[in-house]
């Protein structure tokens, strides 16, 4: 899709919350007089699929007014990120905190974890380095480790392999998972997301109503993690309730 239109589309709605199809086409053609209507239709369709443009009723367009997922990154997580970045400047990794999901939940969990996901070939090496100076850090723990050690400890840090091609974003120059990634992983990593398992439908419904969700990105990652069918089932249920 032409990034020029993607960047310009926001300006078309500065004075109007909605535009008719005729008004939107006229505005676009004023900026891009050489474009054909069929070309514009393709671009508008892609903007809708990417969650940038909404079509609330036939012939009416608006911008998605939902928030972008941009959680607060606490100083302790920043320090972890900077430590890894300094020691291993060329590896792919992301950091995040399970408390970022609290606003999507009814009941607030007692346990919070800071998670570091590192590309598979370097994950154990990064863990060993951090383990030299950090207490209560675990490498890709299984259910037994959670039950015996993690559930009874505080200020837990977990290092685990990063799924290749996982959707990531940068917030304040720090790489974190996208919300779409967290929502998919929630269906798989049941030990890390133990506190969320009883509220998955509620969490999805809240996420979809509050934040911008890129369904194409979510579907691609869900396919990669073999959860595409489950995502579609949950989406069908919650979108009918929003």
Of all residues in the stretch 116-147, which are in contact (Cβ under 8 Å) with a residue 40 or more places away in the chain and under 17 Å from residue 192 (Cα atoms)? 116, 117, 118, 141, 142, 143, 146
Looking only at the stretch 127-143, count every residue that is assigned to a helix (DSSP H, G or I) and at pLDDT 95 or above and tell me the total. 5
Is it the case that residue 109 is part of a loop (DSSP other than H, G, I, E, B) and surrounded by 15 or more Cβ atoms within 10 Å (Cβ to Cβ)? yes
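The values are calculated or read from the model by the stated rules, or taken from the named source; none is laboratory data. All figures in this text were calculated on a predicted structure; none of them were measured in a lab. Cβ sites come from the backbone with ideal geometry, for glycine too, and all protein chains shown count toward neighbours.
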